[in-house]
Amino acid sequence: MKITYFFFSLTFLIFFSCSKDKVPEINSNLDLSAVSYSKNVQPIIQAKCIQCHSAGNEGVELYDYDHVAKAAVSGQLTGCLTGNTSYLSMPIGSTLDSIQVKTFVNWVDQGFQDN
Ligand code: HEC
């Protein structure tokens, strides 16, 4: 009986520790026709990119608007997220869902405003 209880608890624990990996709903209520840098783009960068692209990174830095805009102008930002084989595929170690990719693409298409 005790051992059954033990395994039951273990399964329960494993189940709940894995469900933590889920990414929070960053883009719920997102209006893709007017993407905001601070409200929509930046939270994705914080969750998915900044750990590797903080200030002082030797390659691309994405820690503030100016640097993200620079990557937008060069084409790297959308290139690396849309499967363009001229660029490294990002993010490394996780994935973006289609809405998150579209958030970046639309923000760039809409003139990558600092809004
Ligand atoms: C686990 C680390 C890691 C994560 C997370 C990550 N990157 Fe990168 N990224 C790299 C490395 C390493 C390179 C190559 C060196 C560099 O340019 O910084 C790179 C390169 C890039 C480049 C240049 C690509 C090219 O071919 O010119 C862009 C743009 C970029 N990353 C954007 C992003 C974005 C946007 C995210 C989040 C959605 C992201 N990265 C998440 C590690 C990461």
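So for region 31-115, averaging the separation of alpha carbon pairs under 8 Å that are six or more residues apart and normalising by length, what relative contact order in percent results?
The normalised contact order for region 31-115 reaches 40 percent.
Suppose the chain between Glu58 and Gln113 were pulled fully straight at 0.36 nm per residue; how much longer would it get relative to their current alpha carbon spacing?
17.3 nm
Can you tell me the dipole magnitude for region 47-115 around its Cα centre, using point charges on the Cβ only (Lys, Arg +1; Asp, Glu -1), in Debye to the nearest 20?
200
Which of rounded, prolate, oblate describes region 31-115, given a ≥ b ≥ c as roots of the alpha-carbon gyration tensor eigenvalues and a/c under 1.5 marking rounded, otherwise prolate only if a/b is larger than b/c?
Rounded shape, in that the Cα axes give a/c under 1.5.
Order 55-64, 30-39, 71-80 from most to least packed using the mean count of other Cβ atoms within 10 Å.
Ranking, from highest mean packing down: 71-80, 30-39, 55-64.
Shape of region 42-88 from its Cα gyration tensor (a ≥ b ≥ c, root eigenvalues): rounded if a/c is under 1.5, otherwise prolate when a/b > b/c, or oblate?
Prolate.
Given labels modelled 7 Å from the Cα in the Cβ direction, how far is it in nm from Ile50 to Thr95?
2.5
Each value in this text was obtained by applying a stated rule to the coordinates, not by laboratory testing. Predicted model, so just to flag it, every value in this text is computed and none were measured. Here the Cβ is made from the backbone with ideal geometry for all residues, glycine too, and neighbour counts use every protein chain on show.
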